[in-house]
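A quick write-up on the structure given underneath.
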Amino acid sequence: MNLPGLNFQLGEDIDALRDAVRDFAAAALRRVGYRALTAESAEDALEVLTVEPDISLLVTDIAMPGMNGRELAERASQRWPSLKVLLVLLWLR
């Protein structure tokens with residue numbers, strides 16, 4: 001789909017793109033009044049959940065290097081059963 005006035009160039013650095021999407025989503029949530037914390041890896045996310053026990057929603061990419069989002073969701077749900085999880089996929093073709 002080609003929309004007039006919208007042009008995108010996506011670099012080949014998938015890590016930079018992942019960071020940009022994460023930062024954009026956090027900023028958008030903060031803009032509408034939510035408290036949004038970020039983590040650069042699944043392991044970091046578990047650490048954030050440990051020190052911030054009042055988190056009610058974990059949003060995670062399914063495809064991450066190392067521990068994937070599904071594994072993160074399973075571990076987090078076992079440790080914090082009331083935690084809601086939203087799995088997303090950043091997929092580029």
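The values are calculated or read from the model by the stated rules, or taken from the named source; none is laboratory data. Predicted model only: the values in this text are computed from it and were never measured. For neighbour counting, all protein chains shown are included, and Cβ atoms are generated from backbone atoms with ideal geometry for every residue, glycine included.
Points to keep in mind about this one:
- Selection from segment 33-81 of residues that are among the polar types (S, T, N, Q) and free of Cβ contacts under 8 Å to residues at least 12 places away in the same chain: Thr50, Ser77, Gln78
- The lone exception for Pro53 - which of (1) in contact with a Phe, Trp or Tyr (Cβ under 8 Å, 6 or more places away or on another chain); (2) modelled with pLDDT of 90 or more it fails: (2)
- Complete set of residues in segment 61-93 that are assigned to a strand (DSSP E or B) and crowded, with 16+ Cβ neighbours inside 10 Å: Asp61, Val85
- Selected residue (criterion: farthest from Arg22 (Cα to Cα)) from residues of segment 49-60 that are within 13 Å of the chain's Cα centre (by Cα) and surrounded by 13 or more Cβ atoms within 10 Å (Cβ to Cβ): Leu58
- Only listed residue being modelled with pLDDT of 90 or more, under 11 Å from the mean Cα position of the chain (by Cα) and hydrophobic (A, V, I, L, M, F, W, C), chosen from Leu86, Leu90, Leu46: Leu86
- Selection of segment 61-93 for residues being closer than 21 Å to Arg18 by Cα and among the polar types (S, T, N, Q) yields only Asn68.
- For segment 16-42, a residue qualifies if it is loosely packed, with under 14 Cβ neighbours inside 10 Å and in a helix (DSSP H, G or I), and the qualifying residues are Ala16, Asp19, Ala20, Val21, Asp23, Phe24, Ala27, Ala28, Arg30, Arg31.
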